Amino acid sequence: MLKTLFLTFSFLMATNTMSDSAALLTVYPTGNSSYIVYGSTLEGVAGIDLTIAYDTPELQNPVVSQGALVAGAFMAVNTGKPGEVRAAIMRIDAISGSGQIVAIQFSSPAGSGDITSATAEMIDENSATLPVSIVIAKSVFCDNGDTVTIAAVQSAINMFLGIKAVEICVDTDYNGTVSIAEVQKVINGFLGL
């Protein structure tokens with residue numbers, strides 16, 4: 001019990017020390033050779049340059065679609081170089097919030113393969129560079145594991161309350177917000193229901 005409390009406290013301290021000004025992009029696997037790029041805490045973003053490298057020949061023929069967070073933006077995609085997807089997204093009205101940026105669907109004749117690296121650059125309306133971090137997640141669980149932990153429950157509650165940036169591990173409908181129903185799903189996962 002003491003260990004769980006310590007880990008939860010440590011987790012909360014770590015999340016509270018994150019910079020509020022840096023956007024976070026996370027590449028999540030969603031199953032069947034599909035991935036999404038989810039943006040958290042975007043603020044005043046007018047342009048995104050995204051490059052994702054992937055295993056070849058395990059993953060082939062990427063198809064990229066625009067996510068809800070960048071709906072209406074101009075998006076140019078280059079999938080011509082095997083092993084790489086590049087997307088440029090530009091919007092007149094700045095993008096702010098959290099949600100799905102792009103979805104990528106691959107054909108996978110070998111039945112395996114993964115994203116190997118990802119980079120991103122962002123600019124505001126004045127072409128000034130914005131801080132951004134990008135992470136490749138191993139799963140859609142908040143801690144990249146395969147079970148729901150008490151830390152994930154606390155994290156989901158904090159996302160619902162607006163204390164913590166929204167993450168896809170809880171925002172399962174990719175709309176950039178966390179509902180009480182989504183928190184309940186995390187709690188049920190923790191309880192094994």
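The values are calculated or read from the model by the stated rules, or taken from the named source; none is laboratory data. None of these values were measured; they are calculated from a predicted model.
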Q.
Condition (residue is of a type outside the set (S, T, N, Q) and modelled with pLDDT of 90 or more) applied to the range 132-148: is it met by at least one residue?
A. yes
Q.
Condition first: under 16 Å from the mean Cα position of the chain (by Cα), of a type in the set (Gly, Ala, Ser) and not in a helix (DSSP H, G or I). Can you find one or more residues in the range 184-193 that meet it?
A. no
Q: Check whether at least one residue in the range 127-149 is of a type in the set (Lys, Arg) and in a helix (DSSP H, G or I), and report yes or no.
A: no
